[in-house]
Amino acid sequence: MAALRAFDAAKRQGNEGEIVPEIVCYEKQDDWGGQWNYSWRTGTDHYGEPVPSSMYRNLWSNGPKEALEFAEYTFDEHFGRPISSYPPREVLWDYIDGRASQYGGKGTKDRVKFAHAVRWVEWNEEDATFTLTVEDLRAKKTLTEVFDHVIVATGHFSFPNVPDFEGIGRFPGEIIHAHEFRGAERLADQRVLLIGGSYSAEDIGVQAHKMGATSVTMSYRSKPQGFAWPEGMEELPVIDRFEGSVVHFSDGSVREFDAVILCTGYLHHYPFLPDELSIDSGNNLYPAGLYRGTVWQKNPQLFYLGAQDQWFTFNMFDAQAWYVRDLILGRAALPDAAARQESIDAWLGRFNAIDGDPAAVQFQADYIRDLIEATDYPMFDLDEVVRIFLAWKKDKKTDILTYRDQPHRSVMTGTMATVHHTPWLAELDDSRERYLSTPDDAAEMARAEVEASVSVRD
Ligand code: NAP
């Protein structure tokens, strides 16, 4: 969606002599939005395709919206009034859909061939083009098309990483990966084990707690998340073995569980790409082989958007999309292979020296700044966004159950977010209608309490 918007913006500028190329976007789902296009389905979809989205029904943003806001389409512009800092998924989908649908979707949605799955991308050395083999899932027809450039914008949170554990095959309860998790209601009165020590474990853990799980245990491999967990939530180190429904941990702890959710992350997996065009990396801030995090070093006619692990999200995808667009339009010059490698090595050196989260956020802010400086995407105060992230981290440390009730100020518009009418922990209806509705009396009282605590914090 960012790439379509970027090319559309260039077309609207109508620079004399500039030819904006013909663009086709293949999307295998019936609508756009990627992760934010929620599907109740898990496993395979109605076309027999693997379901790409890992979204769950009651997901709310886990970072402040002020850190992901588009610089050229603000929340104020979309909603016409301030909203709170951590919207639920329907509200965020509405925002990204609203931007891409501006101007009636002309130049964006009409470029998308929905229900089209790319099966293979072949590089043609002789004329420097790519041949794509694509399946029209509705018509059940296979077609081929030739392109000069390919932008891979599939993300890397669709194919779950599913490690094995001794004895897990005999666990009698339900075992799923976070990718298949759709809602925490059914975890009520269950003893839940989450394997992993990152955002999915944290967020599914607090969702399970919110929905009345008897206990939530999170098993970390490298380091504990270290929040002040409420009663009923705990962190334990790695699993030694399963014995039926009983799990033994490496520190000698033993617990019994009713349900297991693997929160073990995702794989960079591109079944439509030959290995020489495919990222082979863990989930990190600078996957090797990409110049400026976007241009495939081995073949600079192939680009990736959003291949990094993410602090910034939507606005980083924009910075990348604007830069890739400018390379394709010839507005920006691509350095030769040696100069590109020098740049990759310099960024990798910096990446490898990161020690701790503040440095990681600053790294991504600097990376985005470097891209924006090369384009006409509106520059914004990236250092202020870093400060918002650090405040967010502090709020989480203070109380993992209430950080989503805190408001932040937009760096794009200066608008202060509102305090939502209902604290996150008490809100059981995640719909857009409810989110944008007028508060009822009980919600108003709870909101007043949060507002009082916010002013104390200030
Ligand atoms: P992730 O950040 O890549 O973390 C994967 C976790 O799995 C790490 O803690 C890793 O441990 C652990 N792990 C991997 N293999 C393991 C093994 N064999 N045994 C034990 N632990 C293992 O993945 P994620 O947490 O799914 O997050 C993915 C993305 O989704 C993030 O960008 C996140 O922000 C997003 N997300 C957003 C929301 C929301 O907006 N509400 C909610 C959930 C997720 P090591 O640290 O040792 O490698």
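For the range 1-18 versus the range 132-154, the inter-centroid distance based on Cα atoms is 23 Å.
When each of the peptides 61-69, 184-192, 73-81 is scored by the mean number of other C-beta atoms lying within 10 Å of its residues, the order from highest to lowest reads 61-69, 184-192, 73-81.
Leaving out same-chain residues fewer than 8 places away, which aspartates and glutamates sit with a Cα under 16 Å from that of residue 210? Those aspartates and glutamates meeting the cut-off are 185, 189, 202, 231, 234, 399, 405, 427, 429, 430. Taking Cα centre as origin and charging only the Cβ of basic (Lys, Arg, +1) and acidic (Asp, Glu, -1) residues, the dipole magnitude of the range 74-166 rounds to 580 debye.
Percent of Cα pairs in the range 106-179 per distance bin of 5 Å, from zero to the largest separation: 3, 11, 14, 16, 14, 11, 9, 9, 7, 5, 2, 0. Other residues lying with their Cβ under 11 Å from the Cβ of residue 123 contribute a combined charge of -4, Lys and Arg counting +1, Asp and Glu -1. By DSSP, the beta bridges lying fully in the chain are antiparallel in about 55 percent of cases.
With the convex hull drawn around the C-alpha atoms of the range 330-396, the volume per residue stands at 86 Å³. Pairing the Cα long axis of helix 337-352 with the longest principal axis of the chain, what angle in degrees results, from 0 to 90 and rounded to the nearest 10? Once rounded, the angle reads 10 degrees.
Across the options 82, 25, 134, the greatest Cα extent toward the positive end of the charge dipole of the range 1-150 (unit charges at beta carbon of Lys, Arg, Asp, Glu) belongs to 82. Rg/Rh for the range 192-308 stands at 1.13; both radii use Cα atoms, and Rh follows the Kirkwood definition. Farthest toward the positive end of the dipole of the chain, out of 188, 154, 239, is the Cα of 188, where the dipole comes from beta carbon charges about the Cα centre.
I'd like the antiparallel share, as a percent to the nearest 5, of DSSP beta bridges with both residues in the range 170-273.
30
Straight-line reach only, C-alpha to C-alpha below 30 angstrom: list the lysines that residue 298 could link to, leaving out same-chain residues fewer than 8 apart. Counting by Cα, and skipping residues close in sequence, residue 298 has these lysines nearby: 11, 28, 113. Within the chain, all pairs of alpha-carbon atoms sorted by distance into 10 Å bins from zero give the percentages 4, 19, 29, 27, 16, 5, 0, 0.
Read-outs throughout are calculated quantities, based only on the coordinates presented, and are distinct from any laboratory measurement. Model, not experiment: these values are computed from the prediction. Using ideal geometry, Cβ is built from the backbone for each residue, glycine included, and neighbour counts are taken over all protein chains shown.
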